[in-house]
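The values are calculated or read from the model by the stated rules, or taken from the named source; none is laboratory data. Here the structure is a predicted model, which is why all the values come from computation and not from measurement. Note that we place each Cβ from the backbone using ideal geometry, even for glycine, and neighbour counts take in every protein chain shown. Accessible surface areas use protein heavy atoms only, side chains included; no ligands, DNA or RNA. Shrake-Rupley method; radii C 1.70, N 1.55, O 1.52, S 1.80 Å.
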Amino acid sequence: MNHKKYSLSRNIIFHLKSARQWNKWVCYFQFLDVIPNMSATFLGIWLPSLIVSELQGGVSLKALMASIIIVSLGMLISNVMDAGMTQYLYRNGLSLTLYYDKLAFEKIMKIDYDLLESKDVRKLVGNVWDTLRNEFAIRWSVTSMPVLIVSVFSSVLYGVLLCRVNWVLVLMLIVTIGVNAFLLKQVRDVHGKNHEELSRYTKAVSYISRHAMERSDGKDIRIYQMQDWFLKKYDAAISGMDRIYGKIHTQYFFRKFKELGFGFIVELFSYGYLTYLLSKGRLSVSEFVFSVGLVRTFLANFSTLIYMVQNLNNIHAFLTYIRKLLDLPEKEEKEVFHTDRTKGAEITFKDVSFRYPDADTEVLSNINITIHSNEKLALIGLNGAGKTTFVKLLCGFYKPTKGEILVNGIPQSEYDRDEYVSLVSTLFQDSMLFPVTVDENLTGSVPTQTDTKRLAYVLKLSGFEKRYESFPQGGGTKMVREANENATDLSGGEKQKLLFARALYKKAPLMILDEPTAALDPIAENELYLRYGEAAKNRTVVFISHRLSSTRFCDRIALLEGTHIIEEGTHEELLLKGGRYAELFEMQSKYYREGEVGR
């Protein structure tokens with residue numbers, strides 16, 4: 001990850017540019033709102049002074065009322081304009097969150113998988129999503145910009161006007177606000193320390209809430225009667241949170257109490273001093289009234305300025321997160337080799353080793369193997385042997401720590417990423433269904449681009465044909481109920497068959513099948529194996545499995561153990577060798593035989 005510095009000023013510029021790209025008025029109103037806001041405030045200060053001045057000048061009641069109406073209309077128009085712009089910013093501040101959502105989503109889709117899985121990037125993405133889920137953070141950043149600008153200009157304007165009365169008075173007011181800012185900082189430091197303890201309880205509450213409402217977890221909770229445990233843990237967590245919130249808000253209460261007391265003394269001095277000037281004839285009554293308004297407005301605006309500056313840290317942190325994410329490197333455009341897709345691909349691992357970032361040991365060490373074109377290779381091994389890592393290296397998701405992988409004699413690293421993934425078709429254990437139609441799930445294309453003959457062929461070959469024909473809207477039936485109302489869900493075995501059909505439909509020279517029969521019953525599994533030879537025609541296939549009996553139809557078997565490939569050969573060759581494979585096969589076959597006797 002880059003360690004580029006992101007200053008507050010540049011973050012604000014980026015934020016304003018983003019607002020302009022999303023909606024130009026969201027950008028412009030953050031500045032234009034300053035005019036009606038300051039106008040309304042100034043007219044509100046000036047009106048009482050104007051009334052007193054005109055009364056002292058002996059103007060007629062009619063002229064006085066006209067002045068009041070004109071100034072009041074100015075205030076009304078300014079307030080209406082201010083309210084309209086503020087509401088527009090408030091409403092579209094939420095929309096800007098969606099824009100940042102889109103930026104983050106688009107970027108994540110373009111980041112290489114290995115970078116996306118790195119510890120630092122996962123943490124960065126987590127911070128981005130945490131902020132985006134808090135819609136008020138972005139909305140506040142939009143609506144607060146006019147407030148910040150107004151507080152800056154107003155503090156300067158009213159400070160200058162008060163200096164004309166007496167600069168000592170302005171200094172006293174600034175000291176007051178500085179003391180309040182110091183008190184607020186003290187409380188926030190305490191808040192920060194308590195927040196570390198608070199996070200322990202919030203994580204517990206989040207965990208309990210999430211799992212208590214999860215349907216899949218609900219079965220275990222009820223079977224093992226853990227309802228009381230969940231409730232007790234939840235009560236303990238919220239009690240802890242309430243205790244810490246109490247400590248935090250007690251601190252805020254005493255800070256406010258001190259602020260009010262100090263403010264009372266300063267306002268008493270300010271108004272006393274203005275009264276003294278009035279009594280000595282150094283201020284007229286209208287000037288006195290105007291100065292009183294200036295004191296209160298200056299205090300309010302300077303306090304707001306201090307508050308806004310202190311709260312800029314939150315939006316500064318988010319904008320730093322989002323900019324770091326957007327600055328992550330994307331795929332490089334490389335040469336396209338136009339690989340022949342009518343035959344399988346030859347894959348060569350040359351001294352390939354892989355170690356996860358921050359890991360102490362290698363997952364794979366000095367792997368040397370060539371998977372020949374159109375060969376069916378079974379990759380087997382116990383859990384944790386490195387099979388999943390091998391597959392992710394093969395898919396191009398990871399890059400070897402040492403060594404290189406060649407595809408048809410060309411280093412994997414030299415392929416354009418889009419071309420490379422087009423060469424690979426996969427069926428993972430945890431493959432997902434997309435929230436689109438059945439046909440779009442199967443083909444990855446819109447109906448007008450679907451090869452209907454190929455679709456019919458893979459449906460039959462995968463065993464999904466009958467279920468496909470039973471869908472109420474045929475291939476147009478929607479999938480995934482969480483995203484589509486009235487969608488159709490599938491059983492585990494049905495989903496596996498659909499995913500197998502999807503892997504077959506893609507005309508890729510390399511096909512990877514990771515436990516493709518895990519969710520199938522024995523009959524469906526046997527039927528699949530009978531069709532497997534035809535399905536693998538003109539493809540290089542890597543088959544991952546724990547069931548050694550299912551590897552017999554493969555041309556070759558490679559056994560992974562202890563970060564190395566320790567045995568290679570056909571099923572019969574490895575049995576005759578009497579090594580580790582024969583030992584594992586005997587253990588599994590003995591289990592199956594005992595199961596049959598037990599029945």
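Things worth noting here:
- Of everything in the stretch 420-445 that is acidic (Asp, Glu) and modelled with pLDDT of 85 or more, the residue that is farthest from residue 398 (Cα to Cα) is 439.
- When the stretch 116-132 is filtered for residues that are farther than 15 Å from residue 315 by Cβ and not small (Gly, Ala, Ser), the ones remaining, listed by number, are 116, 117, 119, 120, 121, 122, 123, 124, 125, 129.
- Residues being more than 30 Å from residue 490 (Cβ to Cβ) and among the polar types (S, T, N, Q) - total across the stretch 406-447: 3
- Taking every residue in the stretch 225-244 that is among the charged types (D, E, K, R) and pairing it with any residue that is surrounded by 11 or more Cβ atoms within 10 Å (Cβ to Cβ), at least 6 positions away or on another chain, the pairs with Cβ-Cβ distances below 6 Å are 233/208.
- No other residue among 285, 266 is under 30 Å from residue 40 (Cβ atoms), open to solvent by 50 Å² or more (accessible area, probe 1.4 Å) and in contact with a Leu (Cβ under 9 Å, 6 or more places away or on another chain) apart from 285.
- Restricting the first member to the stretch 424-445 and to residues that are more than 15 Å from residue 506 (Cα to Cα) and open to solvent by 10 Å² or more (accessible area, probe 1.4 Å), and the second to residues that are among the hydroxyl-bearing types (Ser, Thr, Tyr) and part of a loop (DSSP other than H, G, I, E, B), the beta-carbon pairs closer than 7 Å and six or more apart or on different chains are 437/477.
- Listed by first and then second residue, the pairs with beta-carbon distance under 6 Å, at least 6 apart or on different chains, first residue in the stretch 455-477 and farther than 17 Å from residue 492 by Cβ, second open to solvent by 20 Å² or more (accessible area, probe 1.4 Å) and acidic (Asp, Glu), are 459/465; 475/439.
- Within the option set 484, 383, 441, being polar (S, T, N, Q) and under 30 Å from residue 368 (Cα atoms) holds for one residue only, 383.
- Restricted to the stretch 122-162, and to residues there that are without any contact (Cβ under 8 Å) to a residue 24 or more places away in the chain and under 24 Å from the mean Cα position of the chain (by Cα), the residue that is surrounded by the most Cβ atoms within 10 Å (Cβ to Cβ) is 134.
- Of the residues 272, 192, 261, the single one that is among the small types (Gly, Ala, Ser) and modelled with pLDDT of 75 or more is 272.
- As a summary of the residue check, residue 246 satisfies the conditions (1) farther than 30 Å from residue 307 by Cβ; (2) exposed (fewer than 12 other Cβ atoms within 10 Å of the Cβ); (3) modelled with pLDDT of 80 or more except for the one numbered (1).
- Within the stretch 208-259, tally of residues that are acidic (Asp, Glu) and more than 31 Å from the chain's Cα centre (by Cα): 2
- Filter pass, residue 448 being modelled with pLDDT under 85 and not aliphatic (A, V, I, L, M): yes
- Tally, over the stretch 111-121, of residues that are of a type outside the set (Lys, Arg) and open to solvent by 70 Å² or more (accessible area, probe 1.4 Å): 2
- Taking the criterion of being assigned to a loop (DSSP other than H, G, I, E, B) and under 18 Å from residue 531 (Cβ atoms), the residues of the stretch 441-483 that qualify are 463, 464.
- The set of residues from the stretch 466-480 being under 22 Å from residue 427 (Cα atoms) and either open to solvent by 70 Å² or more (accessible area, probe 1.4 Å) or of a type in the set (A, V, I, L, M) (or both) comprises 466, 478, 479, 480.
- Inside the stretch 383-412, residues that are open to solvent by 50 Å² or more (accessible area, probe 1.4 Å), out of contact with any Lys or Arg (no Cβ under 7 Å at 6 or more places or on another chain) and at negative phi make up a count of 5.
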